[in-house]
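Note sheet for the following structure.
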Amino acid sequence: MRSLLFVPADSAKKLDKAMTSGADALIVDLEDSIALDGKARARESAAAFLKEAVAGASRPYLVVRVNGLQTGMTDADLDAVVPAKPDAIMLPKAEGGASVIHADAKLAVREAIGGLAEGHVKIIALATETAAGLFCAGTYGGASTRLIALTWGAEDLSAELGAEANRDAQGRFLDPYRLARALCLVGATAAQVPALDTVYVDFRDGDGLRRECEEARRDGFAGKMAIHPAQVPIINELFTPTPQALKEAQAIVDAFAQNPDAGVVGIGGVMFDRPHLARAKRLLSRSANLKP
Ligand code: COA
Ligand code: MG
């Protein structure tokens, strides 16, 4: 999954537009982009949209961001959307594997009531939105087979910290958020799921987004969330391995296949050992699974 586009659940027009945005996944949002007194209407709108959208032949992966477990609103969100069979929910303000187990149980009950196969609805956890969440970023492994990815957020964390800003004057994340980003990446890797980078809110700044995508891909993120359709093509481009990168990865795999007992090989005057092989295999498998 390269690009995941947020769409406020109460906007039929944006939901419609998002379907043809080219995003690998849509995140229909019931949380931060919906005011408290609009939640009920947004749930109805999300369910109506999903019912039609899931039946589409060539459609994006459909995720619903529910309200967090701490809000007391998660049950009503799930009651409304699970019968419409989304592919996944996004769990905001998650605090480790315990939150995922909790959400898993809530989903299982609704799947049983709605006649859906148990485990149909997957979970993407937003792992760094609370200070407590940072301290349990390493506890996602084995929590639930529903967990398919971790991602992170800086806005709620900066609000909780009482910070004045989360980026410096050049637009780069400040230390607490770089820590959150890194914990998301290593937490996801430890849990054997992909890590997805957070949103870039300045949606008219394509160069800034491009830079952030390059840094995220370099560090090991598999994709990035978007808030505006204009961001989707940039994210898709930068998280699609280049033909050159694929060719190099294939050459490494081939060289080891021809020398199965070798710990190290030379290609074009450069040394490659086992970690290079692991990285090459990972790139090839990611390339084969760009779309969920
Ligand atoms: N999904 C689908 N369509 C979107 C969109 C989105 N996330 N954001 C904008 N669009 C549409 C607009 O409706 C508009 O459509 P139109 O040309 O048919 O009128 C077009 O894209 C251009 O939009 P633009 O005028 O550039 O932006 P805007 O001022 O209408 O919207 C935001 C700006 C930030 C309000 C909007 O991008 C948005 O709602 N983003 C998602 C917010 C969200 O979900 N946040 C929670 C997670 S952080
Ligand atoms: Mg938030």
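Values quoted throughout were computed directly from the atomic coordinates according to the rules given, and no laboratory measurement underlies them. What you see is a predicted model, and the numbers here were worked out from it, not measured in a lab. With ideal geometry, Cβ positions are generated from the backbone for all residues, glycine too; neighbour counts draw on all protein chains shown.
Under the simplified labelling scheme, the R59-D219 pair shows an inter-label distance of 3.4 nm, with each label point 7 Å from Cα along Cα→Cβ. Listed peptides 38-49, 267-278 appear in the order 38-49, 267-278 once ranked by packing, highest mean of other Cβ atoms within 10 Å at the front. The ellipsoid equivalent to the alpha-carbon distribution of segment 1-84 has semi-axes of 21, 13, 12 angstrom, derived from the gyration tensor eigenvalues as √(5λ) and listed largest first. For segment 158-225, the relative contact order works out to 26 percent when only alpha carbon pairs closer than 8 Å and six or more residues apart are counted.
Residues R110, R172 in ascending order of nearby Cβ atoms (within 10 Å, fewest first): R172, R110. Note on segment 143-292: along the principal axes its Cα atoms extend 56, 35, 29 Å, ordered by decreasing extent. Ignoring lysines fewer than eight residues from K13 along the same chain, the ones with Cα atoms less than 28 angstrom from its Cα are K39, K51, K85, K93, K122, K224, K291. Applying 0.36 nm per residue to the separation of V186 and R274 and subtracting their alpha-carbon distance, the gain on full extension is 29.6 nm. Between A131, A255, A23, the Gaussian network model of the chain with springs among Cα atoms under 10 angstrom shows the greatest mean-square fluctuation at A255.
Could you work out the helix-only [θ] at 222 nm for the chain, with each DSSP H run of four or more residues adding -39,500 (n - 2.57) and the total divided by the number of residues, to the nearest 500 deg cm²/dmol? Spell out each step's value before the answer.
Values: 11 runs with 129 residues, N = 292.
Calculated at 222 nm, the ellipticity per residue is -13500 deg cm²/dmol.
Ranked by the mean number of other Cβ atoms within 10 Å per residue, highest first, peptides 12-21, 99-108, 81-90 order as 81-90, 99-108, 12-21.
Entry for segment 37-126 at q = 0.18 Å⁻¹: log10 I(q)/I(0) = -0.76, Debye formula applied to identical alpha-carbon scatterers, no solvent contribution. Paramagnetic label reach from A169 (point 7 Å along Cα→Cβ; backbone nitrogen cut-off under 15 Å): within segment 177-221, no residues. Size descriptors for the chain (Cα atoms only): Rg and Dmax, in that order, 19.8, 65 Å.
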